[in-house]
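The values are calculated or read from the model by the stated rules, or taken from the named source; none is laboratory data. As the structure is a computational prediction, the values presented were derived from the model and not from experiment. A quick note on method: Cβ atoms are made from the backbone with ideal geometry, for glycine too, and the neighbour counts reach across all protein chains shown.
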Amino acid sequence: MATLKRDYYEILGISRSADEREIKKAFRGLARELHPDVSDHPDAEERFREAAEAYEVLSKRETRELYDRYGHDGLRTGGFRPTDFDFTSLSDIFSVFFGEDIFGRMGGAPGARGSRGGDILVEAEIELVEASEGVSKAVPFPVAVTCETCGGNGAAPGTEPATCSRCGGAGRLQSVSTSVFGQFIRTQGCPECSGTGQVLPSPCPDCAGSGQVIDEHSIDVEIPPGIHDGQRIRLSGEGHAGTSGARSGDLYVLVRVRPDPRFVRDGNDVLSTVGLTMTQAALGTRIAVPTLDGDAQLEFKAGTQPGEIRVLRGKGMPVLQGFGRGDHRVLVNVAIPRQLSHEQRHALEQFERGARPENYEADEGFFEKLRAAFR
């Protein structure tokens, strides 16, 4: 039996109107309290992962809007899957979420520990038909990779990094000041080694001592059927390389679905129009109507009215990571001639003189069809 998930706002202890700063502050406090490194509570790890998932959703505009409108079911339908975090320390979680360590310094913990690589966001444009079928797209992007010349340590071949003499390899400097309130210890990153604890007597000529170089990569991204415009696909470990052996960042692919002039998407349904002439609508006709699966031949009976809706069951968009498809609704437009020849006008006048009220009698479902057209 599936476990009922708690409300993300309740988990973080914030209101639904909380801004980005409040969300971040709430998660910081819970991360320090619940991380297994610092808590001996039996369910600390589960509560920590629950808080991390809540922050992952509420800190991003797209997922927060989806959650606010449709709840947990909307996130599942929208393709969201929480990250399966496996962190060895509290510093790692702060580096992943905030780009800094537990003390608030950017770039992760100093010293021998490396910092996680940065994430990358790229866009992939696809057609609506491709979104309905699913497609593989080659996405190029620049990425920081470990320098092959120095192996990532930043030192020129044949040399090694040296311990920083100013901080003794700690990467931090401490100063003690005394006031009437007692002694205060101030800790700051070492400016000599930029918090790494090491200096480079001979920097690598290829990466200038950074340990990384920018390379052009391309990756084939599998875009699932039914994806919506603006949704993201996360590829773990495909982002910028980490330092000192730390894990790479992630690659996020923002999918943009180009508008199709033939269709309008409404959730998993597709809307389109078909134009009939006045005589086609009056006499009945058979006409080809475009769908996501190609043209479909539709029969329109004599007396077809403007505003009628033809529903093609199962011809809409696939349900993302689900089963079935939406419907394709076709709205009938009837074109009235703007210019008539003398003969045409005479023929219409003859018809009007011979017309009877029953020629224009509406069927019982006219207003229902009209309401359906507005929906």
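Remarks
- Residues of the stretch 260-289 satisfying the condition of being in contact with a Gly (Cβ under 7 Å, 6 or more places away or on another chain), part of a strand (DSSP E or B) and crowded, with 18+ Cβ neighbours inside 10 Å: V270
- T243, sole failed condition from (1) surrounded by fewer than 20 Cβ atoms within 10 Å (Cβ to Cβ); (2) modelled with pLDDT under 95: (1)
- The lone exception for K301 - which of (1) at pLDDT below 95; (2) in contact with a Ser or Thr (Cβ under 7 Å, 6 or more places away or on another chain) it fails: (2)
- For the residues E222, E216, the requirement of being farther than 30 Å from V319 by Cα and among the acidic types (D, E) singles out E216.
- Lone qualifier among G226, G237, G230 - being out of contact with any Gly (no Cβ under 9 Å at 6 or more places or on another chain), assigned to a loop (DSSP other than H, G, I, E, B) and of a type in the set (G, A, S): G230
- Taking first residues from the stretch 208-227 that are over 20 Å from R116 (Cβ atoms) and partners that are crowded, with 17+ Cβ neighbours inside 10 Å and among the hydroxyl-bearing types (S, T, Y), the Cβ contacts under 8 Å between residues at least 6 apart in sequence or on separate chains come to P225/S132; G226/S132.
- Residues in the stretch 317-352 that are of a type in the set (D, E, K, R) and more than 30 Å from G226 (Cβ to Cβ): R338, E343, R345, E349, E352.
- The one condition in (1) out of contact with any Pro (no Cβ under 6 Å at 6 or more places or on another chain); (2) in contact (Cβ under 8 Å) with a residue 24 or more places away in the chain; (3) hydrophobic (A, V, I, L, M, F, W, C) that L235 fails to fulfil: (2)
- The residues of the stretch 147-156 that are farther than 12 Å from A208 by Cβ and buried (at least 21 other Cβ atoms within 10 Å of the Cβ) amount to a single one, G152.
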